[in-house]
Every structure is written in structure tokens, then in C-alpha cells.
1. Return only the number of the condition from (1) in a helix (DSSP H, G or I); (2) β-branched (Val, Ile, Thr); (3) under 26 Å from residue 256 (Cβ atoms) that residue 41 does not satisfy.
2. Among the listed residues 207, 252, which satisfies the condition of being of a type in the set (A, V, I, L, M), at pLDDT 95 or above and on the phi < 0 side of the Ramachandran plot?
3. If a residue has to be surrounded by fewer than 22 Cβ atoms within 10 Å (Cβ to Cβ) and among the β-branched types (Val, Ile, Thr) to count, how many in the stretch 209-232 make the cut?
4. Take the stretch 121-170 and flag every residue that is more than 13 Å from residue 23 (Cα to Cα), of a type in the set (Gly, Ala, Ser) and touching a Lys or Arg at 6+ places or on another chain (Cβ under 9 Å).
5. Can you tell me which residue is surrounded by the fewest Cβ atoms within 10 Å (Cβ to Cβ) among those in the stretch 91-130 that are among the small types (Gly, Ala, Ser) and over 27 Å from residue 207 (Cβ atoms)?
6. Any idea which of 56, 34 is of a type outside the set (D, E, K, R) and touching a residue at least 40 places away in the same chain (Cβ under 8 Å)?
7. Scanning the stretch 182-204 for residues that are surrounded by fewer than 23 Cβ atoms within 10 Å (Cβ to Cβ) and touching a residue at least 60 places away in the same chain (Cβ under 8 Å), which turns out farthest from residue 123 (Cα to Cα)?
8. Based on what the data block shows, is residue 230 at pLDDT 95 or above and over 23 Å from the mean Cα position of the chain (by Cα)?
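The values are calculated or read from the model by the stated rules, or taken from the named source; none is laboratory data. What you are looking at is a predicted structure, and each value in this text was computed from that prediction instead of being measured. Here the Cβ positions follow ideal geometry from the backbone for every residue, glycine too, while neighbour counts run over all protein chains shown.
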Amino acid sequence: MSCWRWANGVLLLLERVSMHRFFIDSNSFSNNSITITGEDVQHISKVLRLRNGDEITLCDQKGMDYQVKIESISKESVITTIINSYKSKGEAIIQTVLYQGIPKSTKMDDIIQKCTELGINKVVPVVTSRTVVKLETEKDERKKVERWSKIAEEASKQSRRGVIPIISMPMSLSEALIDAQNSDIIIMPYELEQNTNIKKAIKSQAAKSIAIFIGPEGGFDASEVTEATRNNVIPVTLGSRILRTETAGVAALTCVMYEFEEL
């Protein structure tokens, strides 16, 4: 849909973009109709107060967006009709994974939110030698991951992403290093590295996936960096300033996205 607006004496044709965005799964489709269920139903009807005939955007989490019109709203579901479908514009060509040393307080919330906005595909919480936060049981871990996953979902809606980043269960550093071998390039910002920056580490845009390791408060200790380099990790510098853990991952991801012309 489109609309007209005067600007500086010129009549402009503007594309109207639905501000309301929701994620669905493959079970929601039926011919030319998509049915929304779960928590989004109440949000649509009670919070946003949308009505029959209103249009919203639905994402299948596989890279496709659907412009739909609401046909009916009940307590259990919202039934919509597909008007148009197109490839999601919010996904980067480079696949990125953040292996984040678990920080104190709610810093992880901000890290996940900002990295989701920048285009991260997966976040893996990592337990290192300097990790202060202790998740004693699997129940504690799952509770944290559920919270972080919800933050990633909300940030994906806000930033018009086509997918919701995966928030993994916490891993030890050794487990994370093994997991990261699936990426074409693995980098680790390290305050003692002076020569190799992210641009040099990437070298070219031939890579399709990059993993980024960030330490918790206090960073990685020397033995962890040694273990990492033995597992194909490239230590890189982020400049002469020391960044907080909640800043370092966002800064590194921004550099990667810039190098791949995603910013």
C-alpha cells in the first residue's frame, strides 16, 4: 500500500510499511490463509487493538515476509489472508555467531538486544575462568535462555529481522571452541593483540560465516587465549581503548557487518 505526502512543496509517493510484525511457524499456513495463535493473539487484540481489515507483517523465520489482512479475531486465534509475500530484507549475507562470556547483572540482555538489531544469527553464552555468574542447575540455565530468547524475539520484531537469533544453552569455553569450528573465520578481540584488526583477519569477503569470542568482565586469561589460538581462533584488536564486555561484542559485530557492506 502507498500514500501521498507534501514535502518542501513536492508531492511524494510513500510506501506504507506495516509497523506491526509477528513471527509464525510452518503449521500456521493453510492455502492463502495464515492463523496466528499464542501470546500474539492478545497482543494484537488487547494491546494494539487491531481490527478486521487491518494489515500486519508475518515472518516465517525462513527468510520470507508476508503482508496479510486480518479477517477475524477470537480469543484463541487471529485469521489472516495473504496479500503479498517477499524475501525478508533484514537478513545479512554473512552468518554470524557471538560466543559471549556470561557477564554480571542484566548486561547479557543488552548484548543480545543490540546484536540482534545488528544481524547476529546465534548467541552462545560461555562460561570462562573469569565468569562470576554461576548457573547452578540446568533449570537455572533454561530459565535464563528463555528470557534471553524472548529479548531476541522482541528485538527481531523491532528491527524488522526475518529470523529470530538462536540463543544456545551455555557452554564451557572448550565446548564453544569446538562448536565454532563450523564457522569459516573465528576471531577473538584481545587487549594484548596490537597488529591484527578485524579487517586484516577477514582479508576478503569470501567467508560466509564468522564466529566472535568475547570474554566476560576481566576478559580471557592468557591460557584461554592460547587454547583458542590452537583451535584456529585469530586474536584481533579493537583499537587502543579497552572496551567493556557489553560494548566489545557490539563493536566487533559492527566492524564485521561494515566489512561485508551490511551497514
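1. Only one criterion is unmet by residue 41, namely (3).
2. After ruling out the rest, the residue left standing is 252.
3. Looking only at that region, the number is 3.
4. Passing the criteria: only 168.
5. 105
6. Numbers: 56 fails: touching a residue at least 40 places away in the same chain (Cβ under 8 Å).
From the options 56, 34, the qualifying one is 34.
7. 199
8. Details: at pLDDT 95 or above: yes; over 23 Å from the mean Cα position of the chain (by Cα): yes.
Yes, satisfied.
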